[in-house]
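Below is one structure; the comments refer to it alone.
The values are calculated or read from the model by the stated rules, or taken from the named source; none is laboratory data. Since we're looking at a predicted model, the values are computed, not measured. FYI the Cβ positions are ideal-geometry reconstructions off the backbone, even for glycines, and counts take in every protein chain you see.
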């Protein structure tokens, strides 16, 4: 499921984004309302986690525009305003759900997973290739029955490759979605992470390099 997080609190946005990626959601984080409008115009999203009080373009206006053009994206609105009138107003603008700050990450995740179930995009089960088995729902990953341990970013890269269903995932996309910052050596960082994954898995052929394009699990 594709999730767009729009939140101007950078630390909060990054924590939410990383947490959702670790759970296997294809997540992009944006910190400004104008950038959010551009992203929503260019791509289709399943879920928009939208802060109301945004710089650039207010969250209310983003919500209003999406509903005016009948965009089917599910909108979960975030706000520090917890009065009943504020909640009613947000839902009246077209939000599907509402979560007040501060919130527990577990509650946010439960609401995201509820959207996933309603959209029929729930996890289809463990990924198995030969002796390799990965169940991202439980976090159990093993090779020939032996448990494997990965860092957060290693796991995020592995999951992106698995969920591409054999398609090539470009280096730029891997870096942008897992690290989400600018770095002159992004290609080397991704290459090093893939090397570590191959070493830990013990099967160098599981992750295939596609020269000039990226990586895939065929």
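Things worth noting here:
- Residue check, residue 105 under 21 Å from residue 53 (Cβ atoms) and either modelled with pLDDT under 75 or crowded, with 16+ Cβ neighbours inside 10 Å (or both): no
- Output for the stretch 24-64, where each listed residue is surrounded by fewer than 18 Cβ atoms within 10 Å (Cβ to Cβ) and assigned to a loop (DSSP other than H, G, I, E, B): 32, 43, 44, 53, 55, 56, 57, 58
- Here residue 81 clears all of (1) part of a loop (DSSP other than H, G, I, E, B); (2) at pLDDT 85 or above except the condition numbered (2).
- With respect to being within 19 Å of residue 156 (Cβ to Cβ), in contact with a strand residue (DSSP E or B) (Cβ under 8 Å, 6 or more places away or on another chain) and outside any loop (DSSP other than H, G, I, E, B), residue 15 falls outside the description.
- Residue among 218, 211, 204 that alone is exposed (fewer than 14 other Cβ atoms within 10 Å of the Cβ), farther than 21 Å from residue 30 by Cα and touching a strand residue (DSSP E or B) at 6+ places or on another chain (Cβ under 9 Å): 218
- Only one entry in 17, 92, 24, 56 is more than 22 Å from the chain's Cα centre (by Cα) and closer than 22 Å to residue 114 by Cβ, namely 92.
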